[in-house]
Amino acid sequence: MSSQPESLLRRSQLTQWHIAHDAVFESHADRSVVAAYANETVDGPGLCDLSLLPRTGLKGRGAPDFLASLVSDLPQEPNNARVTKDGTIVARLSNEEFLILGSLSFDSQVVADIEAAINSAGEKAAYPLPRADSHCLFALVGAAAADAMAKLCAVDLRARKFPPGAIAQTSIARVSGVVISHEFGSRSGFFILCDTASTEYLWRSIIDAIDEYGGGAIGLQSISTTD
Amino acid sequence: MTELNRLPSSFGSLIDHKQPVRFQFEGRDYNGYHGDTIASALAANNQWILSRSFKYHRARGILTMAGQDANTLVQLPNDPNVPADVAPIVDGLVVRGQNYSGSLQHDRNASIQYLSRFLPVGFYYKAFFRPRGIWEYWAKFFRKKAGLGVINEGYVASGYDKQYKFCDVLVIGAGAAGMTAAITAANAGAEVLLVDEQVTLGGALNYARLSADLSDNGTLRENLVAQISSHTNIELMTKATANGWFGDNWVPVIQGKRMFKVRAAEVIMCTGALEQLSVFRNNDVPGVMLAGAASRLIRLYGVRPGEHAVVLTANDAGYACALDLVDAGVDVRAIVDLRADPAPTSMSAADAISAIPVYKNSAVYAASESKNHLRGVEIRKIIASGECADDGRLIDCDLLCMSVGFMPTYQLACQAGATLGYDNESARFSIENLPSSVQMGGAANGFWNMDAAIDDAQRAAITATNALALTTSPLPSFNQEQVQVNHDWPMFAHPKGKEFVDLDEDLQLADIVNATLDGYEHIQLVKRFSTCGMGPSQGRHSALPAARLVARATGKTIAETGVTTARPPFSAESLAHCAGQSFYPARRSNMHHRHLDAGAEMLQIGNWYRPAYYRSSKDAAATIEEEAHQVRNGVGIIDVSTLGGIDVRGPDAAEFLNRMYTFVFAKQPVGRARYALMTNEAGVVIDDGVACRLDENMFYVTATTGGVDRVFQSMLKWNAQWRMDVDIANVTSAYCAVNIAGPQSRQVLQRICTDLDLSSDGFPYMGVRTGRVADIPARLLRAGFVGELGFEIHAPQHCGEALWDALIEAGKDEGIRPFGIDAQRLLRLEKGHIIIGQDTDAMSSPAEVGMKWAVGNKKPFFVGQRTIRELDQMPAKRALVGFEITDLEAPLPKESHLVVAGDQMLGRVTSAAYSPSLKKTIGLAYVAANNAESGATIQIRTDKQKLVNAMVVPIPFYDRDNSRQEL
Amino acid sequence: MKILNCPLNGPRNISEFTYGGELHEMPDPDSSGAREWAEYVFFDENKAGVVTEWWCHTATSFWFLAERNTVTDEVMRTFLASERFSEANRIEPSA
């Protein structure tokens, strides 16, 4: 099922880039996401724009307890992420701050439920953070992803030092960002977030970095089918 | 063309005799083989001159065959100063010599050397000291005579970049020691990166003779290489130079067009040692080379280095070289041994060289040349240290091989903080005081015996793996007996000079001594005065003789004298490598592509792309005027997403803002916005914005585009100390923002914002609301930056494009049009609003910029309060005022033009523009405090010193009672 | 490039951090003399030896304190600001 992203309220900053690269879009509720690119043949690391994936954040002294009441098995240490049974990624960015990424199926209610719970519980529970808009979100998937990222990022992201669940909040191509190590089915890779205003810049920087390794842009289908 | 000096295919491990390569040198075609360097291929063709020296234009040729000297620097079309003894040949390569006038063979500038006695050390300093300016005049002539290669200014470097690399153990140098260290560490479980400059592993094992009959060489190299290439824990990089050592084991490794920034937990330096020169008259003539260079030519490249040779030595390496020469069919006419009574070794007593006459306790006193090549040497008996007998013996030869000592490759170690010690007995420098995470091994550590070098490398590796907690092994003990390889004074002065200590800089023995006599006794001063060690080889061969000469001349020990600091880079590094790939972060709002579609002329301000104006059929100035006119008379929209936004929430939110900003916020009603001015502790204005109270405990504070990151950081830093119950979140990127402004803005917005009462009573000036615009959740603010009725709409970033589209659509009937920051700057100037950073500087207090009204003096505390209180006690020096110029013929003042009174500078213009709505020039300027009253006249010095009179007027310039924005 | 150990993010290149100056104890803004106040605002002790400094991990805007030897450039330790500024001794300007 395809739909035109420009008819919807929420649009990735990369919409024009996707269109220029012959993207085929698919609809998920009120969003339109790249399913695949025409002639998408990527041998190396694949970069997927997930900027419209539902996500949220919360922080504050009460945040850990509050979130624990909604999600089981929170990561105990900062800079660690857990994947819940339904595919939600719960990332602990500091003692008092969490980032929650909805599952890649785009149909998870968890994010909406958490946001609703925060709004009804009030500020004493936790302060909501507008993570769906403050940051863009990419997935970089494939064996050479860490080597390619070494052209942009000074943190050792190879699995040996950065296993699934590890988080690095660092500088990527000179912008501040968050890298979360994640297993996409059988393939290793990363979620990468940086401030939304830098979406196009970071996208182009990563596309350039992975080109050497035979990488390129991929749609959501390439990630979902890796399971 | 036959290659005169090419040896049979049993020689030359690096070249492929089946793959010929054709290239050009100095306009002539030459043949070589794949694997040849430029220098080896030329040597095979009997072409020995490669360059002309820096100062005297003397002919120079092969010295080290290892890229460690300036003798072989040649010019490639896009690349000057390429070391010909390591640069490979490729088909069609065009190579030229450097630094000559005429031809390499006949350099007209070579006559300079006959003037050398008129060019003493420090000549330029002494001769061009006075009169002032004389050096600038002459310098351009000297530059032409003395120099290196030529830069191709049309060449654009591309494809250079950088990459981070990580390992447990970085091993630098892949000789026997380096390979051993790498294997030992990898076996212990360490992730090892092994780096070597050369094309192949093995270092000296590739060309050096371990025993007279080569039997000891055996399969040592092959065994080590096999282990390395099959080891999963070892990553190998050849043709890769570890070019420096920086803090916490941060090592740039350059390979091809990429600089790898390697971070290692432990570094093991097995960097070997550099063979040193003997200093005697004409020791620089082509044909005079290090023994290692001759062996490399024979073993690696299959090139016979000469026909008739003499070997000058003080150790076994010279005898090993003699054996190589004999192997290659060279007629070795003499071995000159500096040592008085060398004990025979299996090498020196080898049968193959037993017939060669050995002159003990003798030196090469001078070399002679003909047609720019060695013709013979004069051998004399040594009668005292550095002194020879009055007469000697002449031997005809075209090759002299020297091996009189070694210098550990100390550069990286010293960058890591190690120091050099000198042992008089062994006459060598050694590396001491290494930091705990850096090890040395092998010859670099002074172990010449191959077994000891390998044992030492194992010790270094185990030390490293112990430190990594991979092993807890005891360090191996081994036979540390020293082999004497250095002669303590292989330098012999000659009455006619030309005994070169530093070949790069053409420095002779007397130059170094004379520098000390001129009073420059410290080795660092000797370097700067004489330029010794400043050339491309950075003292690789001059540091040791200079230390000895300065020590003897000043009566100090060599250890005390030392060597000069060896800073990175280790070898020449191109600017393209340093620059790498350029990363220029660029920030865009979600409306970016709409601006492009609308013909925006984009500017990059800080990292943000912003429309300056939207191109029309008119010129820029008229277009900007039109955009401003539309805002004043109709409705316009501007993308203000770059505006900073910070959410401040929690029970202490109002009190926190009270402390951070000068104004008072405690009693600010919900639904209202208030101007917020921030000062630092010095009472200087550093940012401004508005604080919107969305709820009792929730403020949304805007900050300037360029200031928000600093403001946010500063808020967090203060609260790290105050520990107030408040949450501070930078939400700048979470919100896009559009300002819809103009008398018709309300009617346009009303069409797509139906859940809010937008009337002046329902949503008054400086009111704040949350609602929906075109079904997008938004924070709305009635602010007046441009001085008209207007609404700032802050909405989720990813809805930016949809919001923009909806506003353009809604305002179709009113002729809504976007305006850029140029129009906005004009509009705000008409309103007299200051821009922090443009109209303020690092000294601006609130009083100076007319902001006393925004300072809450009754509050107990805010950052900067105490200082402002002090400043208020002092007489004001200057004031920011509005000015106008009604004479439209007068030149337009620009930012930073001075406000003057005669010769006195009283202030400067910070903003100025012609206002089309007011039909006069208006601006803001700092003026003297005693001349800041309205009606006062100020003088502005504009371009070309033209003075313009302006009158101080009250601000705002436009709509003085602010009725329009409060509609 | 030096490595600095961030209490939140672990060892990172020093280029990931913003220097925040020496830690100064703020004198009472109401009762301190002008000279004392000026020294606080404008002067660093700049001593040769161990100083306590503010550092901020830029990507996370996380402020912490570091004890650094200005002679050897060795960072002795890094620690949370709460160690110096606990809830109990929260700086309370005279109200």
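The values are calculated or read from the model by the stated rules, or taken from the named source; none is laboratory data. Remember, it's a predicted structure, so these values are computed and weren't measured experimentally. Counting neighbours? That spans all protein chains shown, and the Cβs are built from the backbone with ideal geometry, glycine included. These accessible areas exclude ligands, DNA and RNA; they are computed on the full protein's heavy atoms, side chains included. Shrake-Rupley method; radii C 1.70, N 1.55, O 1.52, S 1.80 Å.
Please work out the Kirkwood hydrodynamic radius for the protein assembly as shown, using every pair of different C-alpha atoms, and report it in angstroms with one decimal place. By the Kirkwood definition, the hydrodynamic radius is 35.8 Å.
Give me the accessible area buried between chains C and B, both sides summed, with a 1.4 Å probe, in Å² rounded to the nearest 100. Before the final figure, lay out the partial values.
Details: alone 6600 and 41610 Å², together 45660 Å².
The buried area between C and B, both sides summed, comes to about 2500 Å².
FRET efficiency for the pair residue B:123 and residue B:477, taken as 1/(1 + (r/R0)^6) with r the Cβ-Cβ distance and R0 = 41 Å, rounds to 0.15.
According to the square roots a ≥ b ≥ c of the eigenvalues of the Cα gyration tensor, what is the shape class of the range B:277-404, taking rounded for a/c under 1.5, prolate for a/b larger than b/c otherwise, and oblate for the remainder? Oblate is the answer for the range B:277-404, as a/c is 1.5 or above yet b/c matches or exceeds a/b. Which residues of the range B:612-651 bury at least 30 Å² of accessible area once all protein chains are present, versus their chain alone (1.4 Å probe)? Buried by 30 Å² or more upon assembly, which counts only protein chains, are B:649. Note that the range A:38-147 presents 40 Å² accessible area per residue, ligands and nucleic acids not counted, probe 1.4 Å. Between the residues B:857, B:904, B:930, the greatest Cα displacement towards the positive end of the dipole of the range B:812-967, with unit charges on the Cβ of Lys, Arg, Asp and Glu, is found for B:857.
Ordering B:892, B:361, B:238 by the projection of their Cα atoms onto the charge dipole of the protein assembly as shown, which places +1 on the Cβ of Lys and Arg and -1 on the Cβ of Asp and Glu, puts B:892 at the extreme positive end.
How high is the FRET efficiency between residue B:877 and residue B:105 when r is their beta carbon distance and R₀ equals 56 Å, given to the nearest 0.05?
Calculated value: 0.20.
Taking label positions 7 Å along the Cα-Cβ direction at both residue B:812 and residue B:360, the computed distance is 10.8 nm, reported to one decimal.
Taking a ≥ b ≥ c as the square roots of the eigenvalues of the Cα gyration tensor of chain A, is the shape rounded (a/c under 1.5), prolate (a/b larger than b/c) or oblate? Since a/c reaches 1.5 but b/c is at least a/b, the shape of chain A is classed as oblate.
Take every Cα pair under 8 Å whose residues are at least 6 apart in sequence, average their separation, divide by the length of chain B, and the relative contact order is 8 percent. Rg and Dmax over the alpha-carbon atoms of the range A:54-153 stand at 14.3, 45 Å. Once backbone amide H atoms are built at 1.01 Å from N, residue A:24 has A:35, A:36, A:37, A:38 as its partners under 5 Å, excluding neighbours fewer than 5 places away on the same chain. Computed extension gain for residue B:345 through residue B:622, at 0.36 nm per residue and net of the alpha carbon distance, reaches 90.4 nm. Backbone amide hydrogens, once placed in the peptide plane, bring residue B:74 within less than 5 Å of B:81, B:82, B:84, excluding anything fewer than 5 places away on its chain.
Shielding by partners for B:933-946, please: the mean number of other protein chain Cβ atoms within 10 Å of each residue's Cβ. Mean shielding count: 0. Taking θ as phi - 60° and the Karplus parameters 6.51, -1.76 and 1.60, the scalar couplings of the range B:451-467 work out to 4, 5, 4, 5, 4, 5, 5, 5, 4, 4, 5, 5, 4, 5, 6, 5, 5 Hz in sequence order, x denoting glycine and proline. Checking every one of the chymotrypsin sites (Phe, Trp or Tyr not before Pro) in the range C:17-55 against DSSP loop status and a limit of 16 other Cβ atoms within 10 Å picks out C:43. Taking all Cα pairs closer than 8 Å and separated by 6 or more residues, the relative contact order of the range A:1-157 comes to 24 percent.
Under a model in which nothing but the beta-carbon of Lys, Arg (+1) and Asp, Glu (-1) is charged, the protein assembly as shown shows a dipole of about 2620 debye around its Cα centre. Contact-buried residues of the range C:49-82, at a threshold of 40 Å² lost accessible area versus the chain by itself: C:54, C:59, C:61, C:63 (1.4 Å probe; DNA, RNA and ligands ignored).
At R0 = 22 Å, how high is the FRET efficiency between residue A:76 and residue C:82 if r is their beta carbon distance? Nearest 0.05 is fine. Mind dumping the intermediate values first?
Numbers: r = 19 Å, r/R0 = 0.88.
According to the calculation, E is roughly 0.70.
If you wrap the range B:571-694's Cα atoms in a convex hull and average its projection over all directions, what's the area in nm²? Before the final figure, lay out the partial values.
Values: hull surface 59.0 nm².
Taking the Cα atoms of the range B:571-694, their convex hull projects to 14.8 nm² on average.
Given points 7 Å out from each Cα along the Cα-Cβ axis, report the residue B:947 to residue C:52 separation in nanometres with one decimal. Here the answer is 5.8 nm between the modelled labels.
Remark on residue B:332: its backbone amide H falls under 5 Å from those of B:309, a criterion applied only to residues 5 or more positions apart or on other chains, H modelled at 1.01 Å from N.
In order along the range A:145-159, the Karplus-derived 3J(HN,Hα) couplings, from 6.51 cos²θ - 1.76 cosθ + 1.60 at θ = phi - 60°, round to 4, 5, 5, 5, 5, 5, 7, 10, 9, 8, 9, 5, 9, 6, 3 Hz, and Gly and Pro are given as x.
Could you tell me the number of lysine pairs in chain A with C-alpha atoms less than 28 Å from each other, where the two lysines are 8 or more residues apart or belong to different chains?
Lysine pairs meeting both conditions in chain A amount to 5.
Pairs of Cα atoms nearer than 8 Å and 6+ residues apart set the relative contact order; for the range B:341-441 it is 15 percent.
Tell me, what does the Kirkwood hydrodynamic radius of the range B:1-119 come to in angstroms if you use every pair of distinct C-alpha atoms?
14.8
Determine the dipole magnitude for the range B:277-404: charges of +1 sit on the beta-carbon of Lys and Arg, -1 on that of Asp and Glu, nothing else is charged, the reference point is the Cα centre, and the result goes in debye to the nearest 20.
Working: 12 positive and 16 negative charges, 30 e Å.
Here the range B:277-404 has a charge dipole of around 140 debye.
Solvent-accessible surface, computed for protein heavy atoms with a probe of 1.4 Å, shrinks by 10 Å² or more for the following residues of the range B:574-601 when the other protein chains are added to the isolated chain: B:581, B:583, B:584, B:585, B:586, B:587, B:588, B:590, B:593, B:594.
Counting other C-beta atoms within 10 Å, and keeping those with at most 12, which DSSP coil GluC sites (Glu not before Pro) do you find in the range B:402-482?
B:425, B:481
As a fraction of the 1.4 Å probe accessible area of the protein assembly as shown, surface on carbon and sulfur atoms comes out at 50 percent. Within the shell of other residues whose beta carbon sits under 12 angstrom from the beta carbon of residue B:774, the net charge comes to -3, with Lys and Arg scored +1 and Asp and Glu -1. Residues in the range B:362-376 carry Karplus couplings, in order, of 10, 10, 7, 8, 7, 10, 10, 10, 8, 6, 6, 9, 4, 10, x Hz; the curve used is 6.51 cos²θ - 1.76 cosθ + 1.60 with θ = phi - 60°, and Gly or Pro positions show x. Summing both sides, the accessible surface hidden between A and B at a 1.4 Å probe radius is close to 3700 Å². Sites listed here are trypsin sites (Lys or Arg not before Pro) in the range B:656-733 whose DSSP assignment is loop and whose Cβ has at most 11 other Cβ atoms within 10 Å: B:667. Length gained on full extension, residue B:370 to residue B:34: 117.8 nm, using 0.36 nm per residue less the C-alpha separation. Using all pairs of distinct alpha-carbon atoms, the Kirkwood hydrodynamic radius of chain C works out to 14.8 angstrom. In this simple spin-label model, placing a label point 7 Å from the Cα along the Cα-to-Cβ direction at both residue C:38 and residue B:211 gives a separation of 8.2 nm. Remark: chain B carries 40 Å² of accessible area per residue (probe radius 1.4 Å; ligands, DNA and RNA excluded). Given the options A:37, A:182, B:386, identify the residue whose Cα lies farthest towards the positive end of the charge dipole of the protein assembly as shown (+1 on Cβ of Lys, Arg; -1 on Cβ of Asp, Glu). So the residue furthest toward the plus end is B:386.
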